[in-house]
Amino acid sequence: MGRLDSICDAALHSRNDNSRHFCLSALAWYVVSCTCIFMVFTGPYFSKYSLLELGVLPLIQRVNSAPFRAYSKNFESFEKPEDIRIVALVPFRSHERTEILDCYLQRNLIDNHGFLDQVIFIPQTNDTKSLEWLASTVKRTPLYQVSGFADYIQWGGMDSNVMFIKIDGDIIFLEDHTISTIVKTKLDHPDSLIVSANVINQAALQALHSHPGVALPYLPELSSSGQLRVPFTQDWRATDLPAWDGPADFNISKGYPPPSQDHRWLPSADESGDRTPIGMSIYGDNGPGLDDWTVHAQQHYSFLQHLEDGDLYRYRFPKWVDPTDSVSPNFLCLRAGDPSIMKPIIQQDTGRPPVDVAREVLSNNRGAIIDGKGLAAHYSMGASLLGLGSTDILHRYRAYAKEMVCLDTL
C-alpha cells in the first residue's frame with residue numbers, strides 16, 4: 001500500500017495496571033516537553049526542514065496527521081549536475097493547454113538557467129490547428145524537437161547519464177523548483193524506478209488534496225437564460241469573485257451537468273463544504289466520484305486561491321514511498337535505458353487506466369516515490385475533460401501564466 005514518509009503507525013497499547021499507565025503518560029509528557037524546549041533553542045536549524053522529515057511530528061500528533069500541514073516553507077537550492085543530461089518528454093494533444101505549459105518549459109530550459117537540456121514533443125492528435133501551433137513553436141525554440149512514438153521507445157536505450165522528465169501536455173502550472181526537486185530525489189534514491197511530482201488532480205493524491213483547509217468550498221455559478229453571460233476573465237485571482245448565491249438545499253450530486261458554457265465557480269459560505277462536489281463524494285450517498293469533472297473544478301479553484309494567498313505549503317509533504325496502485329504518470333522523473341518501462345508510461349496517454357499502468361510499470365518491484373515538495377497542476381483527461389471545458393478554469397491558468405511566468409509569449 002505504500003507509506004507516507006516518517007508517518008508513525010504504531011498503535012498505542014492499553015494497560016490494565018493503572019499505576020503503570022500513569023507513569024507511561026507522565027513519561028510521554030516529559031518527552032514532549034523536552035522536545036519542545038529542544039526545538040525552541042534549535043529553531044534556526046529546524047526551520048529548514050519538515051517536522052516529518054525529522055521524525056518529530058509522530059511524537060506530537062498521531063491522529064489524522066496530514067503531512068502537508070507540517071511541511072516547511074523553506075527550500076534549499078540544488079544545482080544541475082554537470083554529468084547528467086535532462087530531457088523532457090511531452091505527449092502533445094491540444095495547443096490550448098500546451099501553450100500554457102510552453103511558458104513553464106521555456107522558463108526551465110538551460111538557456112534560461114533551468115534544468116532542461118532538451119524538450120521533445122510526442123504528437124498524439126490529428127488536429128490541424130494544434131499541429132500547426134506545435135510546428136511553429138518548435139521552429140522558434142532551438143531546444144525543442146518533435147518526435148514520434150517509435151523514436152520514444154528507442155530512447156529507452158540511451159546512455160544512463162540521460163534523465164527523462166515525462167511531462168503531460170495538459171500540465172498547466174509548475175513551480176520553479178519542481179523539476180530540480182524530483183531530479184534530486186531520483187539521484188538520492190537511485191534504486192527507485194520513478195519519482196513523481198506532487199500533481200494536483202493525480203489519482204494517488206486526490207484524497208490528500210481533498211482535506212479540509214486544502215479543498216475550499218466552491219460551487220458553480222448558477223445562471224438562467226435571462227442573465228447575461230459573464231465574459232472571460234483576464235484575472236486569475238479568486239478575491240475578485242463574488243460570493244456564491246443559490247438555493248439553500250443546493251448540492252452537487254452524481255451526474256451534475258454544466259450549468260452553462262464558460263461558467264465560473266464561486267466561493268461558498270458553507271465552511272464545512274458538505275454540499276460541494278468533494279463534500280458530497282466523501283459524505284453523500286449520491287455524490288460524484290473523485291474523478292468527476294465537478295471534483296476537478298473544485299480542486300482547481302481551491303488551488304488557485306491557495307496560489308493567490310501564498311500558502312501552497314498546505315499541499316506539500318516530504319515524500320510518499322510506493323503508492324503502487326494509483327500513480328498517474330503525468331509528471332515523472334526516470335533514468336533512460338529501459339524500454340519496457342518507457343512504453344507503458346507513454347501508452348497511458350492513449351487512454352489506458354492509470355492503475356493498470358502503475359501495476360505494469362512497477363511489476364519489477366523497484367518502487368515509486370511521489371515527491372511532495374514540488375507542485376504541478378494537471379488539467380484533466382478522459383471524461384472529465386468535457387465538463388471542465390465548460391468552465392473558465394483554463395482561462396484563469398492562462399491569465400496567471402501571462403502575468404507571472406511568460407509575459408511576452410501568451
Exercise. Would the stretch 387-405 turn up any residue that is farther than 16 Å from residue 172 by Cα, part of a loop (DSSP other than H, G, I, E, B) and at pLDDT below 85?
Worked result: no
Exercise. Hey, any hits in the stretch 303-318 for a residue that's assigned to a strand (DSSP E or B), at pLDDT 90 or above and open to solvent by less than 10 Å² (accessible area, probe 1.4 Å)?
Worked result: no
Problem set entry | All positions within the stretch 187-202 that are under 17 Å from residue 167 (Cβ atoms) and either more than 12 Å from the chain's Cα centre (by Cα) or open to solvent by 10 Å² or more (accessible area, probe 1.4 Å) (or both) | 194, 195, 201
Problem set entry | Positions within the stretch 278-299 being farther than 21 Å from residue 373 by Cβ and under 19 Å from the mean Cα position of the chain (by Cα), in sequence order | 278, 289, 290, 291, 292, 293, 294, 295, 296, 297, 298
Exercise. Is there any pair with a first residue in the stretch 76-103 that is not assigned by the TED database to the domain that holds residue 169 and a second that is buried (at least 19 other Cβ atoms within 10 Å of the Cβ) and among the hydroxyl-bearing types (Ser, Thr, Tyr) whose Cβ atoms are under 9 Å apart and which are 6 or more apart or on different chains, and what are they?
Worked result: 77/180; 78/180; 78/181; 79/180; 80/180
Problem set entry | Pick from the stretch 267-294, criterion open to solvent by 40 Å² or more (accessible area, probe 1.4 Å) and of a type in the set (A, V, I, L, M, F, W, C), ranking: modelled with the highest pLDDT | 269
Exercise. Taking the stretch 207-219 only, how many residues are open to solvent by 10 Å² or more (accessible area, probe 1.4 Å) and either aliphatic (A, V, I, L, M) or not assigned by the TED database to the domain that holds residue 239 (or both)?
Worked result: 4
Problem set entry | Tally, over the stretch 368-383, of residues that are open to solvent by less than 10 Å² (accessible area, probe 1.4 Å) and modelled with pLDDT under 85 | 1
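The values are calculated or read from the model by the stated rules, or taken from the named source; none is laboratory data. Computed from a predicted model, the values in this text were never measured in an experiment. A quick note on method: Cβ atoms are made from the backbone with ideal geometry, for glycine too, and the neighbour counts reach across all protein chains shown. Heavy atoms of the whole protein, side chains included, go into the accessibility calculation; ligands, DNA and RNA do not. Shrake-Rupley method; radii C 1.70, N 1.55, O 1.52, S 1.80 Å.
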